[in-house]
1. I need the full set of residues from segment B:107-127 which are at pLDDT below 90 and either assigned by TED's automatic domain parsing to the domain that holds residue B:49 or more than 12 Å from residue A:173 (Cβ to Cβ) (or both), in order please.
2. Looking only at segment B:40-55, count every residue that is crowded, with 16+ Cβ neighbours inside 10 Å and either at pLDDT below 90 or touching a helix residue (DSSP H, G or I) at 6+ places or on another chain (Cβ under 7 Å) (or both) and tell me the total.
3. Is there a residue in segment A:102-117 that is away from every other protein chain (no Cβ under 14 Å) and crowded, with 22+ Cβ neighbours inside 10 Å?
4. Tell me which residues, restricted to segment B:88-117, are over 19 Å from the mean Cα position of the chain (by Cα), farther than 26 Å from residue A:262 by Cβ and more than 9 Å from chain A (Cβ to nearest Cβ).
5. Going by the conditions given, is residue B:163 within 11 Å of another protein chain (Cβ to nearest Cβ) and closer than 23 Å to residue A:268 by Cβ?
6. Give the residue, chosen from A:210, A:201, that is closer than 23 Å to residue A:157 by Cβ and crowded, with 17+ Cβ neighbours inside 10 Å.
7. So how many residues does segment A:159-169 have that are touching a helix residue (DSSP H, G or I) at 6+ places or on another chain (Cβ under 6 Å) and in a helix (DSSP H, G or I)?
8. Pick from B:81, B:102: which is free of Cβ contacts under 8 Å to residues at least 24 places away in the same chain and either surrounded by 21 or more Cβ atoms within 10 Å (Cβ to Cβ) or touching a helix residue (DSSP H, G or I) at 6+ places or on another chain (Cβ under 8 Å) (or both)?
């Protein structure tokens, strides 16, 4: 009763709502604050310390961005880059998951393929650009291939590890209950590997966003990477910064999106590895 | 007054055994790295009997249980379950693990874990609800059927594991230190709970433990195993005291002391060699 009386006094209610508001939005407010502060410092440094041509202040960058957004120029490049990332990423994931499951489940396949994979995985997508251009030209195919290349090994290794680490106790418990080999594989091993597969996909997605840029810089006539390269040749630092900011934003948004979808669809499989 | 009988005979005479372990040896590795884990194990378990395998850590009791379950192969000797030789795991013998979190499927709710057992057992779907109600009711988890294993306490997870095992209607329950990770109070509750289930279902139980008090509380017979290498059953003690047993009672305490001295002797022998 005493607690009720205290809580209902107007001053305390106000204090409590403030406190509650802060508690509820703490993460969001700090996030916004962090970005606002960073942009302010950047603005100040570019105006008073650095050469604004080399490091254009954010307000100038936004000013440059507006016509690029209005004309749809930026969206054209974003769409092209995203399409390339999507095709390479999803085809890479699909094939890597199928092969990774086989590698993790059948020992002899793993023994045969593992040495080759161990050697190939050190070849980054960037290292493969020169040969990809010769194989596939500067059309879409070479970009699909490079993103595929970057995605494939990350997802493959994670999937294999996940399948191999499916707890033996869980498999034996299912076996005791009368599960067949196929049932153990489909209903126990694959779901147990899900957190590893998803984690691999998330890392691979970040790497896809990173490797699309060098691919487009060296061999493309469209996409964000091309925008970067083209602006550099024309010494348009403002446009370079617009492209860089776009790229950060894209990576960030898609990672959040990925996490949201996983939380919605796969949360029950993710209990032992948190994605945050 | 009830008598506690000490005896050295390992095989049941005249009664057909549910489990028959005959001269089982198990050697791991090869040549220089070979390790004789078990040597000359003979054990008969009658239908409906509650047998504890008791021994210090590393004595091979879990290896023996894995062999009975069909997860491990014998190097020599044989194991029969209900008259048929054991070749691999079978749903007549369900293993029950200490780490329930791993043994259960964490992405399925309590009810879905039960359904998983019935699905792999290949029962018609129309029978599922009755069986699920029956066994979840028996272990007192009816109210928690929508929860996931991560939302259950350790004791509740073990009860779910028991319910899931019973749902496939095995003849034998094999339990590998199932309550060792629980706190003392929960463990004691689980003992009463397990004995109650055992009384109602009359399953044959082989229970591995290193806890003397647990063995004396639960078992019809306690098999004391020697320390490896070449571990074998050194003594079998019949415990005929009525349940529930209180270790404070003189007879139970006497059994406890007897078993303790046998076990201590085993460890002394192991340390002196």
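1. If the condition is that a residue be at pLDDT below 90 and either assigned by TED's automatic domain parsing to the domain that holds residue B:49 or more than 12 Å from residue A:173 (Cβ to Cβ) (or both), then B:119, B:121, B:122, B:123, B:124, B:125, B:126, B:127 are the ones that fit.
2. 6
3. Yes, the conditions are met somewhere in segment A:102-117.
4. B:114
5. In short, no.
6. Checking each option against the conditions leaves just A:201.
7. 7
8. B:102
The values are calculated or read from the model by the stated rules, or taken from the named source; none is laboratory data. Worth saying up front: this structure is predicted, and the values here are computed from it rather than measured. Note that each Cβ is placed from the backbone with ideal geometry, even for glycine, and that neighbours are counted across all protein chains shown.
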